[in-house]
Amino acid sequence: MINRILKFLFGKKEIPPYPRDFCLIDYSPIAKQEGIRDEQNKIIYRYYFGKFGNRKIKKYRYSPQRIYALREVHNLPIIDKTKREERFPVYSRILPSELEYNK
C-alpha cells in the first residue's frame, strides 16, 4: 500500500540499463609500480556474473585481436584506462618536518 502511494506521488524511477558484462584495460600492478607504459604490460579484465550470480573477474593478455573479438563478436563495452595520463606526477615526497615557511 505504501509503495503504491509513493509510486503515485513520486513516479517510477528509471533504472539505467547497465551492461552485465564489461571489460577494463589496465596496466599490470608491477608495470604501474615501475612506471612502464607499453602494450606488453597491459591486461584485460573481464567482469561477468558467474553461475550463482556472483561477480567474477577473468584476466587476459592484451592484444588487438582479442579486443576486436570482445568488442565485435561478444558485444562487450570496453573501457581503456591506459589512455588517461597522470595530470600531476609525483617526483618526490616531502615529510612534514622538511617544510619551511618563508615570509
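Averaging over all projection directions, find the projected area of the Cα convex hull of region 17-84 and quote it in nm² with one decimal place. If you can, show how the numbers build up before the last one.
Numbers: hull surface 21.8 nm².
It is 5.4 nm².
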What is the spin-label model distance, in nm, from Arg71 to Lys56 if the labels are put 7 Å beyond Cα along the C-beta direction? 2.6 nm
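If each DSSP helix of 4+ residues adds -39,500 (n - 2.57) and the sum is divided by the residues in the chain, what number results at 222 nm, nearest 500 deg cm²/dmol? Mind showing how you got there, number by number?
On the way: 3 runs with 20 residues, N = 103.
The helix-only estimate for the chain comes to -4500 deg cm²/dmol at 222 nm.
Suppose every Lys and Arg Cβ carries +1 and every Asp and Glu Cβ carries -1, with no other charges. What dipole size does the chain come out with about its Cα centre, to the nearest 20 debye? Please list the in-between numbers first.
Working: 23 positive and 12 negative charges, 155 e Å.
Here the chain has a charge dipole of around 740 debye.
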Longest span of the chain, sites excluded, free of GluC sites (Glu not before Pro) in DSSP loop with at most 16 other C-beta atoms within 10 Å? 15-84
I want to check the label-to-label distance for Gln40 and Lys83. Put each point 7 Å from Cα in the C-beta direction and report it in nm to one decimal. 2.5 nm
Set Lys and Arg Cβ to +1 and Asp and Glu Cβ to -1, take the dipole of the chain about its Cα centre, and tell me which of Ile36, Ile78, Tyr101 lies farthest positive. Ile78
Tell me which of Ala69, Gly53, Leu6 sits at the most positive position along the dipole axis of the chain, charges placed on C-beta atoms (Lys, Arg +1; Asp, Glu -1). Leu6
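Bear in mind that the values in this text are calculations on the coordinates, not laboratory data. Since the model is a prediction, treat every value here as computed from it, not as a measurement. Don't worry about glycine lacking a Cβ; one is built from the backbone with ideal geometry, like all the others, and counts go over all protein chains shown.
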